[in-house]
Amino acid sequence: MRPPARRGRRLALPALLSLLTCSLAFALVSKDVKKEVKQSKNLEKSGISEKNDIDLKGIAFVIQSQSNSFHAKKAEQLKQSILKQAADLTQEVPRVLLLHQLAQQEGAWTILPLLPHFSVTYSRNSSWIFFCEEETRIQIPQLLEALRRYDPSKEWFLGKALHDEESTIIHHYAFSENPTVFKYPDFAAGWALSIPLVNKLTKRLKSESLKSDFTIDLKHEIALYIWDRGDGPPLTPVPEFCTDGVDSSCATTFHSFLPLCGNPVKKKDIFVAVKTCKKFHGDRSHCGKTFAILERFLNHSYDKIAWLVIVDDDTLISISRLQHLLSCYDASEPVFLGERYGYGLGTGGYSYVTGGGGMVFSREAIRRLLASKCRCYSNDAPDDMVLGMCFSGLGIPVTHSPLFHQARPVDYPKDYLSHQVPISFHKHWNIDPVKVYFTWLAPSEEDRARQETRKGFKEEL
């Protein structure tokens, strides 16, 4: 009886293997199905989907424009580009807003004070507020495709993520234990808020006033306010929000050319004043010294000198790049140019050009300032803030350029500087200033190539 039994076991072995194989396959398929179901549930829970219906009428575009004639023209060109793309897509014309036209209040450029207006005006008919800079280039079809992945009924804060490599003074050394953990948007790539988030922020603004005295780095401070110590959403990185434009799927790109609007301003048309003293930083008397410089420029220099630049003795600046930049501004207008900061803007304060990165004045701006009675309240007052207060009282706005920098290159994200042609940096702490100058600011073949490209570049708007 044993031989037949052995034959039976041999016959059963293939069947057993087949059964085990089928069971294993079933288990693997079941595991994959469970994984897919779990991923689908997580996707649904997160609000990310590929089928959220949205068209252009659901987006309000806000161009972070400025009132200066050069910047207003650039913003208007971008507006027309958006409207033309909408017409080509035979879609309803979207709302395109220029920030400097939305409100006359001093702090409108800080965005947050305008959120209640956006909430009241667009919460019924829009899903998104999309912000961008005047040099941001937008591909509308790709933008619509990107936004469709996100459920507009949820709170979303979207953008291209930047982070600090090390804790920095311009962010008050926030997240000093791990600076890379906090993400904030690169405005150049565009950024977006869903209407539910706008409404939530509006309620918060109505219940508690903005607390920060100083506005230093707006993109970081907006991200902090929205995050609200974990009670609000963090920034969600969107890969289609780009600055380099190397990927065809990019919805946005950014033109990093140094502006050139004709021939560069000649060196003889720029008067450079360096604030210094024998003790260097002992008793500088900032404000008194600065107003003495302004008086001398207006009353004792040649009338044909159009521009005055005031820098600190630890400012690093590229005069050749400044010559190119100033070709885009009209010296017959009152121009006060540099990196813009703000003081007390939530409570009727003022904007000012931070002095370390360099302050640029047109002769007309200085003429109007000195014709007024606005002066230093003390010789050692902070000159840049006094100037901001004076120009604000005269109705002369600060013209912001991100190419001026109050801090060192190491204080800014590499991705942020990668799409800039910087004009200045400030401070010599723990760096080799000569190396910084030759790395970031010295005239180079690359600079000349950029300008040749710019001259032959026909912008499609």
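Maximal additional length on extending the LYS154-THR276 stretch stands at 38.5 nm, based on 0.36 nm per residue less the C-alpha distance.
Note on the stretch 205-267: with neighbouring protein chains present and a 1.4 Å probe, carbon and sulfur make up 49 percent of its accessible heavy-atom surface. Put simply, the amide H of ILE423, placed in the peptide plane, has neighbours under 5 Å in PHE404, leaving out anything fewer than 5 places away on its chain. Remark: C-alpha extents of the stretch 130-194 on the principal axes read 40, 29, 14 Å, sorted largest to smallest.
Cross-link pairs exceeding 25 Å in C-alpha to C-alpha distance, out of LYS57/LYS79; LYS183/LYS211; LYS275/LYS435; LYS74/LYS160; LYS79/LYS414, comprise LYS79/LYS414. Rounded to whole numbers, the Karplus 3J(HN,Hα) couplings from phi for the stretch 60-77 are 9, 8, 10, 8, 6, 8, 10, 7, 3, 4, 4, 6, 4, 5, 4, 5, 5, 5 Hz, using 6.51 cos²θ - 1.76 cosθ + 1.60 with θ = phi - 60°, and x at Gly and Pro. Taken about its Cα centre, the stretch 90-238 carries a charge dipole of roughly 740 debye when the Cβ of each Lys and Arg holds +1 and the Cβ of each Asp and Glu holds -1.
A dipole drawn for the stretch 129-260 from +1 and -1 charges on Cβ atoms has a positive end, and of ALA174, PRO152, PRO234 the residue lying farthest that way is PRO152. Modelled label positions at HIS428 and LYS304, each set 7 Å beyond Cα in the direction of Cβ, lie 3.6 nm from each other.
The values are calculated or read from the model by the stated rules, or taken from the named source; none is laboratory data. Bear in mind the structure is a predicted one, so any value in this text is a computation, not a measurement. Backbone-built Cβ (ideal geometry, glycine too); neighbour counts: all protein chains shown. Remember, those area values only see protein heavy atoms, side chains included, never the ligands or the DNA or RNA. Shrake-Rupley method; radii C 1.70, N 1.55, O 1.52, S 1.80 Å.
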